[in-house]
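J.: Sharing a structure, written as structure tokens. Questions coming.
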Amino acid sequence: MSAAPTVVIGSAGRRLYLVDWFREAFADLGLDGRVVVTENDPTSAAASYGDIGRTLPRYVDPAYGPALLELVDELRPAVFLSVNDYELMHLHVATDLAEAMRERGILVPGVDRAWQLGCADKLRMAQLLEGIGVHTPRTVTGDDEAGIAEIAAASESLVVKHRLGSGSSGLALVPADGVRAAIDAAIDSAPAPIDGSAPSGQDVVVQPCLPGLEHGVDIVGDLREPGELRAVLARRKVRMRAGETDKAASADPAPFVANAEKISRAAQLTGLIDTDMFLAEG
């Protein structure tokens with residue numbers, strides 16, 4: 001590692017608070033650390049906000065991997081983290097870049113490949129959660145007419161969204177008689193499949209609208225022992241903006257600990273993942 005403790009944040013975008021948090025942590029620990037920001041867009045808010053800013057090719061560019069490894073070999077950071085869903089998929093699933101950095105002694109927080117795939121695929125994630133005993137709303141694809149009918153019969157409102165979308169991509173909350181139109185609209189706006197085919201009902205998911213209060217739950221895993229739960233932080237969501245929590249209030253994490261333990265262990269978590277959980281009122 002370099003003499004100055006170094007953290008690299010990939011694709012920070014407008015999340016300037018991440019840079020501030022690491023700076024505050026370094027100051028609290030009495031360390032002369034530095035925060036490096038990597039971006040493919042030099043005009044992004046965070047690109048010039050770090051102590052060092054570097055422009056990298058887009059993650060889909062063949063030059064991205066060599067450029068990233070060259071950067072970490074030069075700066076020798078202790079930690080590399082990305083806050084871009086698609087970059088995370090590239091690092092942990094499409095390539096071995098995350099493992100290549102770990103072999104260099106760099107901490108790269110995350111989950112195992114199966115769960116990283118689930119983070120990008122809502123149907124797969126529902127199946128993973130069901131498989132470890134975490135209650136999750138029934139999730140079917142937009143072409144599963146029988147499944148949709150069963151959900152509609154048991155729920156006044158249905159949720160339609162892109163299967164592979166990020167955040168609130170394709171989101172619609174509709175009554176049963178509006179679900180088909182919502183599915184068609186979501187298909188029209190869905191990301192194109194990687195095989196080049198046109199989007200279809202397979203690229204949309206349908207779920208029942210859950211009752212209760214939505215909470216953001218941060219699951220914090222040990223940095224060195226994958227799967228070991230270290231903390232659970234909860235906040236009741238008050239307002240959302242562009243798929244992210246815009247306003248929230250701290251909440252008791254106790255109701256969420258059992259689920260957090262199951263997820264942390266199954267996903268072999270290191271670091272932190274943000275989840276959404278509903279708590280039934282009463």
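J.: Out of (1) out of contact with any helix residue (DSSP H, G or I) (no Cβ under 8 Å at 6 or more places or on another chain); (2) modelled with pLDDT under 95, what's the single condition that is false for PRO193?
T.: (1)
J.: Another question, if that's okay. Which condition number does GLU261 fail, the rest of (1) over 28 Å from ARG102 (Cβ atoms); (2) outside any loop (DSSP other than H, G, I, E, B) being met?
T.: Of the numbered conditions (1) over 28 Å from ARG102 (Cβ atoms); (2) outside any loop (DSSP other than H, G, I, E, B), the odd one out for GLU261 is (1).
J.: Among the listed residues ALA146, ALA186, ALA182, identify the single one that is surrounded by fewer than 13 Cβ atoms within 10 Å (Cβ to Cβ), at pLDDT 95 or above and in a helix (DSSP H, G or I).
T.: Details: ALA186 fails: surrounded by fewer than 13 Cβ atoms within 10 Å (Cβ to Cβ); ALA182 fails: surrounded by fewer than 13 Cβ atoms within 10 Å (Cβ to Cβ).
That would be ALA146, the only listed residue that is surrounded by fewer than 13 Cβ atoms within 10 Å (Cβ to Cβ), at pLDDT 95 or above and in a helix (DSSP H, G or I).
J.: Sticking with this one: In the list ALA114, ALA153, which residue meets the criterion of being assigned by TED's automatic domain parsing to the domain that holds ILE194, more than 30 Å from ARG54 (Cβ to Cβ) and in a helix (DSSP H, G or I)? Walk me through it before giving the result.
T.: Working: ALA114 fails: assigned by TED's automatic domain parsing to the domain that holds ILE194.
The conditions single out ALA153.
J.: Would you call ILE273 closer than 27 Å to VAL7 by Cα, among the hydrophobic types (A, V, I, L, M, F, W, C) and not in a helix (DSSP H, G or I)?
T.: Working: closer than 27 Å to VAL7 by Cα: yes; among the hydrophobic types (A, V, I, L, M, F, W, C): yes; not in a helix (DSSP H, G or I): yes.
Spelling it out, ILE273 is indeed closer than 27 Å to VAL7 by Cα, among the hydrophobic types (A, V, I, L, M, F, W, C) and not in a helix (DSSP H, G or I).
J.: Take the residues in the range 61-76 that are of a type in the set (A, V, I, L, M) and closer than 13 Å to THR38 by Cα; name whichever of them is farthest from the chain's Cα centre (by Cα).
T.: Filtering the range 61-76 for residues of a type in the set (A, V, I, L, M) gives 63, 67-69, 71-72, 75.
When the remaining residues are screened for being closer than 13 Å to THR38 by Cα, the result is 67-69, 71-72, 75.
Numbers: ALA67: 24, LEU68: 21, LEU69: 23, LEU71: 24, VAL72: 23, LEU75: 26 Å.
The qualifying residue farthest from the chain's Cα centre (by Cα) is LEU75.
J.: Tell me, which residue of the range 47-106 that is touching a residue at least 60 places away in the same chain (Cβ under 8 Å) and of a type in the set (S, T, N, Q) is nearest to ILE9 (Cα to Cα)?
T.: SER82
J.: Go through the residues of the range 197-205 one by one and say whether even a single one is over 23 Å from TYR86 (Cα atoms), touching a residue at least 24 places away in the same chain (Cβ under 8 Å) and not in a strand (DSSP E or B).
T.: Our first condition is that a residue be over 23 Å from TYR86 (Cα atoms); within the range 197-205, this holds for none.
No, there is no match, as no residue in the range 197-205 is over 23 Å from TYR86 (Cα atoms), touching a residue at least 24 places away in the same chain (Cβ under 8 Å) and not in a strand (DSSP E or B).
Residue by residue, here is whether (1) farther than 28 Å from LYS247 by Cα; (2) modelled with pLDDT of 95 or more; (3) of a type in the set (Asp, Glu) holds:
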position: ARG163; (1), (2), (3): no, yes, no
position: GLY167; (1), (2), (3): no, no, no
position: GLY216; (1), (2), (3): no, no, no
position: GLY227; (1), (2), (3): yes, yes, no
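J.: Out of LEU164, LEU223, report the one residue that is within 28 Å of LYS262 (Cβ to Cβ), in the same structural domain as THR275 (by TED's automatic domain parsing) and not in a strand (DSSP E or B). Walk me through it before giving the result.
T.: Working: LEU164 fails: in the same structural domain as THR275 (by TED's automatic domain parsing).
One residue alone meets the criteria, LEU223.
J.: Kindly evaluate SER169 against the criterion of being of a type in the set (S, T, N, Q), surrounded by fewer than 20 Cβ atoms within 10 Å (Cβ to Cβ) and under 25 Å from ALA234 (Cα atoms). Spell out how you get there, then give the answer.
T.: Working: of a type in the set (S, T, N, Q): yes; surrounded by fewer than 20 Cβ atoms within 10 Å (Cβ to Cβ): yes; under 25 Å from ALA234 (Cα atoms): yes.
Against the criterion (of a type in the set (S, T, N, Q), surrounded by fewer than 20 Cβ atoms within 10 Å (Cβ to Cβ) and under 25 Å from ALA234 (Cα atoms)), SER169 qualifies.
J.: If the requirement is being closer than 25 Å to ALA260 by Cα, of a type in the set (A, V, I, L, M, F, W, C) and assigned to a strand (DSSP E or B), which of these qualifies: VAL134, VAL159?
T.: Values: VAL134 fails: assigned to a strand (DSSP E or B).
Testing whether each residue is closer than 25 Å to ALA260 by Cα, of a type in the set (A, V, I, L, M, F, W, C) and assigned to a strand (DSSP E or B) leaves just VAL159.
J.: Suppose we keep only residues that are at pLDDT below 95 and basic (Lys, Arg) within the range 237-282. Which one would you say is surrounded by the fewest Cβ atoms within 10 Å (Cβ to Cβ)?
T.: ARG239
J.: While we're here: Just the residues that are of a type outside the set (D, E, K, R) and either over 14 Å from CYS209 (Cα atoms) or assigned to a strand (DSSP E or B) (or both), please, taken from the range 167-179. Spell out how you get there, then give the answer.
T.: The initial filter retains those residues of the range 167-179 that are of a type outside the set (D, E, K, R), namely 167-176, 178-179.
Residues satisfying the conditions are GLY167, SER168, SER169, GLY170, ALA172, LEU173, VAL174, PRO175.
J.: When only residues in the range 64-88 that are hydrophobic (A, V, I, L, M, F, W, C) and closer than 16 Å to THR270 by Cα count, which is surrounded by the most Cβ atoms within 10 Å (Cβ to Cβ)? Step through it out loud before you land on a result.
T.: To start, the set of residues in the range 64-88 that are hydrophobic (A, V, I, L, M, F, W, C) comprises 67-69, 71-72, 75, 78-81, 83, 88.
When the remaining residues are screened for being closer than 16 Å to THR270 by Cα, the result is 78-81, 83, 88.
Details: ALA78: 15, VAL79: 19, PHE80: 26, LEU81: 21, VAL83: 14, LEU88: 22.
Ranking the candidates gives PHE80 first.
J.: Which of the residues belonging to the range 90-118 are in contact with a Leu (Cβ under 8 Å, 6 or more places away or on another chain) and among the small types (Gly, Ala, Ser)?
T.: ALA98, ALA100, GLY110, ALA114, GLY118
J.: Looking only at the range 134-149, how many residues end up being in contact (Cβ under 8 Å) with a residue 12 or more places away in the chain, among the aliphatic types (A, V, I, L, M) and more than 15 Å from CYS209 (Cβ to Cβ)?
T.: The number of residues fulfilling the criteria is 1.
J.: Additional query: Being crowded, with 20+ Cβ neighbours inside 10 Å and either of a type in the set (Phe, Trp, Tyr) or on the phi > 0 side of the Ramachandran plot (or both) narrows it down to one of GLY133, GLY110, so name that one. Steps first, please.
T.: Details: GLY133 fails: crowded, with 20+ Cβ neighbours inside 10 Å.
Exactly one of GLY133, GLY110 is crowded, with 20+ Cβ neighbours inside 10 Å and either of a type in the set (Phe, Trp, Tyr) or on the phi > 0 side of the Ramachandran plot (or both), namely GLY110.
The values are calculated or read from the model by the stated rules, or taken from the named source; none is laboratory data. Computed from a prediction, not measured in an experiment: that's the story for all the values here. Reconstructed Cβ throughout: ideal geometry from the backbone, glycine too, with neighbour counts over all protein chains shown.
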